[in-house]
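Read the figures in this text as sums done on the coordinates, not as results from a lab. It should be emphasised that the depicted structure is a prediction, and the values quoted were computed from it without experimental measurement. Cβ coordinates were reconstructed from backbone atoms using ideal geometry, including for glycine residues, and neighbour counts include every protein chain displayed.
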Amino acid sequence: MSPVYPFDDAATARAVIDASGRLVEWNGGAQRLLGWSAAEILGSRAADLVIGTAPGPEFDPRDIRWHGIVTLRHQDGSEVPVWLLVHRTEAEEGGPVRWLVVTPLEGDAPRAADDPLEQVGLLQSPCAVAIYDERLRLRRMNEVMAQVLGLPEERVRGLRVFEMTGRRQSADIERHLRRVLTTGQGHDVRTHVPAGGDVRAHAWLARMAPVTDATGRVRGVCVAAHDFTDEYMARERLQLVNEASVRIGTTLDVTRTAQELAEVCVPALADFVSVDLLDPPDAGAEPLAGPLTAPISLRRAAHRSLNTGTPEAVVEPGHVDLYPAPSPQADSLLAGHTIVATIESDDLEDWLTWDPARLERIKEYGIHSTMSVPIQARGLTLGVAVLARFRREDPFTPDDVLLAEEVTARAAVCIDNARRFSRERETALALQRSLLPRSLPRTAAVDAASRYLPAARAGVGGDWFDVIPLSGMRVALVVGDVVGHGIQASATMGRLRTAVRTLADIDLAPDELLTHLDDLVVRLSAEAGSEGSPGEVGATCLYAVYDPVSRRCTMARAGHPPPVVLVPGGEPEQVELPAGPPLGLGGLPFESAELELREGSVLAFYTDGLIESRERDVDAGHRMLCDALATYTDSLDETCDRILHALLPPGGAPDDVALLLARSRGLPASRVATWHIPADPALVAPIRKQVVEQLEVWGLLEASFTAELVVSELVTNAIRYGAHPIRLRLIHDATTLICEVSDTSHTAPHLRRAKTFDEGGRGLLLVAQLTQRWGSRHTAEGKTIWAEIGLLDED
């Protein structure tokens with residue numbers, strides 16, 4: 001026989017029996033033993049070859065291995081007593097069960113006295129030693145190897161490795177034996193296989209060396225195997241703990257952390273893992289700290305299996321199931337420690353009598369051992385992890401319990417951190433959304449739509465936007481960004497937004513408003529420093545005021561990205577705007593810029609989280625924003641969604657994103673009436689008459705009485721206390737009539753209550769009672785006193 005392929009297939013009688021009990025393989029040795037050829041016997045029932053009990057009363061089909069003497073029927077009708085070795089195997093991993101039946105035919109053949117294989121002196125070694133001949137069939141082995149295999153030497157002499165073990169790993173061992181036989185050089189092999197009939201896998205270090213005769217010819221291979229399972233398992237457990245510390249807790253997401261726990265344990269520790277968590281009694285509250293009571297409601301957070309699709313799971317992730325007291329999950333949580341259950345001890349089957357579906361899955365997939373480990377951290381019980389084995393034949397050991405508890409304890413801290421972060425994030429998000437406008441006001445100046453998205457990982461921040469109605473049908477558009485994330489950033493954002501609305505109410509110009517806002521941020525930063533808070537408060541802001549009468553928009557920015565404008569029929573382009581310093585530096589000026597907007601123009605205000613990312617620079621982000629805005633049709637909401645979809649990654653933005661789109665509207669000239677008034681009190685009456693005539697043209701005679709009183713008071717005050725020139729302007733909106741009187745004096749009127757005998761001082765009080773609201777604003781030329789008359793109220 002050539003050493004390149006040294007196997008003599010006929011030296012062993014070998015057959016394979018399938019799950020139905022029929023012969024599916026039959027080699028030449030089996031034909032030598034019983035006379036039947038493969039063509040004659042394949043497909044027959046194996047039991048028909050057995051005379052008497054088949055194969056013996058001690059045989060259990062669930063056993064991994066059986067051996068004993070069986071009387072077989074020869075083709076010629078004679079009886080052949082044979083020692084058989086039977087291995088329960090699988091044709092492929094997860095495939096149907098089969099039985100490999102072997103017996104040696106040349107085990108007791110006489111050997112030459114000078115045979116080097118008979119003279120090897122290693123058989124006294126405390127290691128497990130086996131000698132294989134040139135055909136890689138067992139020639140000799142010592143008592144230690146016989147104990148490892150669980151088979152006597154005289155019975156297995158002449159068998160190949162896979163015939164003795166029935167393991168899939170035998171092909172690799174035989175490959176290494178052939179290498180030593182053909183090269184004549186020793187070789188070390190590490191393998192991980194069960195010992196004999198033991199279901200628990202052992203770690204082996206096998207040293208293979210050639211056996212030569214006096215001429216130096218290789219006559220066989222000597223194998224000395226050392227069982228280093230304890231050292232191997234200790235190293236594996238240490239590696240798994242280290243892997244768990246690296247792989248578990250990569251994000252502050254509860255579901256992802258639970259999934260990482262399941263992925264670390266499969267297949268290193270179990271074949272199937274489920275992670276079920278307790279729901280807090282109230283949204284955002286802490287889990288129960290006291291003792292639990294059955295039944296226990298658990299929500300499936302994650303699971304993992306060796307089988308694709310996790311068919312063993314009864315509950316899908318996200319679903320809630322109720323576990324009564326006689327269940328592994330509930331009992332381990334009630335006891336507060338790990339519980340191991342096995343089919344062999346019947347406790348697993350007893351536990352699952354309450355749930356026929358789970359019991360059926362256990363039987364279907366052959367789950368034989370489970371381990372329920374409570375997930376506990378900081379004195380709180382968070383849930384339970386259930387580990388199950390079905391492909392690994394060995395049950396869980398006490399070392400496995402310690403390892404599972406160590407890994408679960410690390411995961412529990414990460415889950416608790418993620419839960420706390422999620423709760424704080426939800427709190428900050430609720431605060432953020434409460435501080436942002438719930439809906440944008442409907443104004444005659446612009447149509448607006450907005451979007452706010454918190455950061456995917458860092459949590460909510462300080463981005464905000466606002467639409468503020470101003471006097472004279474004007475509107476303020478604001479977008480800002482506070483440095484940092486979390487509740488502190490959200491609270492600072494709320495203070496700045498309130499300050500902007502307050503400053504907007506007194507009609508400050510954009511550059512002046514940013515100057516006052518800068519002073520506020522400087523004070524907030526000083527307060528934060530005095531409280532020992534690290535870092536300084538910083539923010540950026542863009543403030544714009546649009547007048548639908550003049551169709552002009554005045555804006556200024558403080559370190560904020562400039563807006564993008566899309567005029568009807570044109571292409572989106574960035575607005576050229578002076579770059580002011582960020583808020584909080586103090587003492588630096590801000591500049592305003594003014595542009596005229598055609599009716600229907602769209603302005604895009606945004607924070608830097610929309611255009612900045614690790615994958616692209618700011619310029620590329622601007623180009624993508626312009627490209628997305630160019631697809632604008634008529635819907636601002638659809639355009640917002642289209643912009644976010646185009647610029648943000650699928651997993652969410654790394655920073656907060658605020659987006660505000662505003663489409664300008666213009667007020668027709670027919671809705672505005674203007675008079676220039678000489679400084680003569682005698683002309684007030686003619687002016688009132690012209691106002692009534694204009695109201696008649698607009699169909700607003702029902703408001704003429706109030707309008708006459710307001711115009712009379714405001715014009716009289718301007719003539720008496722103001723400076724020339726004086727201008728009266730009426731603006732007609734669908735629901736409001738606005739009266740404005742402007743002059744070049746910078747002195748603003750004040751509302752006061754006149755005493756009983758005072759002859760004046762009641763005019764502005766009367767105006768305040770007859771109108772919806774009134775006020776004054778300063779301009780570069782002077783001031784404007786305005787009042788709004790509600791037309792619906794007049795009706």
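Neighbour counts of C-beta atoms inside 10 Å place V82, V144 in the sequence V82, V144, starting with the fewest.
Arranged from highest to lowest average of other beta-carbon atoms within 10 Å per residue, in what order do the peptides 567-573, 613-619, 145-151, 654-660 appear?
On the way: 567-573: 12.6, 613-619: 10.9, 145-151: 18.7, 654-660: 23.7.
In descending order of packing, they fall as 654-660, 145-151, 567-573, 613-619.
Principal axis extents of the C-alpha atoms in the chain (largest first, rounded to whole Å): 146, 59, 57. Need one number: nm distance between label points at L701 and I343, each 7 Å from Cα along Cα→Cβ, rounded to one decimal. In this crude spin-label approximation the distance works out to 9.6 nm.
Counting neighbouring Cβ atoms within 10 Å and putting the fewest first, the residues Y543, Y132 line up as Y132, Y543.
Seen from I611, the other residues with C-beta closer than 10 Å to its C-beta sum to a net charge of -2, counting Lys and Arg as +1 and Asp and Glu as -1. According to the square roots a ≥ b ≥ c of the eigenvalues of the Cα gyration tensor, what is the shape class of region 233-425, taking rounded for a/c under 1.5, prolate for a/b larger than b/c otherwise, and oblate for the remainder? It comes out oblate by the Cα gyration axes.
The packing ranking, built from the mean of other Cβ atoms within 10 Å per residue, places the peptides 344-356, 553-565 in the order 553-565, 344-356, highest first.
Compared with the dominant Cα axis of the chain, that is its longest principal axis, helix 356-365 is turned about 50°. For the peptides 268-280, 695-707, residues were scored by their other Cβ atoms within 10 Å and the scores averaged per peptide; the highest-first order is 268-280, 695-707.
If neighbour count is taken as other Cβ atoms inside 10 Å, put T771, T71 in order from fewest to most.
On the way: T771 22, T71 15.
Ordered from fewest to most neighbouring Cβ atoms within 10 Å, T771, T71 come out as T71, T771.
A Förster radius of 30 Å combined with the Cβ-Cβ distance from A630 to I506 puts the calculated FRET efficiency at roughly 0.20.
In degrees between 0 and 90, to the nearest 10, how far off the longest principal axis of the chain does helix 229-247 point, with axes built from Cα atoms? Roughly 10 degrees between the two axes.
With the simple model of a label 7 Å out from the Cα in the direction of the Cβ, A39 to D399 spans 5.4 nm. Selection among A734, V82, Q185 by position relative to the dipole of the chain gives A734 as farthest towards the positive end (Cβ unit charges, Cα centre).
Rounded to the nearest 500, the helix-only mean residue ellipticity at 222 nm of the chain stands at -9500 deg cm²/dmol, with each DSSP H run of n ≥ 4 adding -39,500 (n - 2.57).
If the chain linking R495 and T779 were pulled fully straight, counting 0.36 nm for each residue of separation and taking away their Cα-Cα distance, it would gain 99.6 nm. Other residues lying with their Cβ under 10 Å from the Cβ of A489 contribute a combined charge of -3, Lys and Arg counting +1, Asp and Glu -1. Distance between the modelled labels on R438 and T182, one decimal in nanometres: 8.1 nm (7 Å Cα→Cβ projection).
Fully extended, how many nm does the chain gain between D641 and V246 (0.36 nm per residue separation, minus their Cα-Cα distance)?
138.5 nm
Axis angle, to the nearest 10 degrees, between helix 618-629 and the longest C-alpha principal axis of the chain: 70 degrees.
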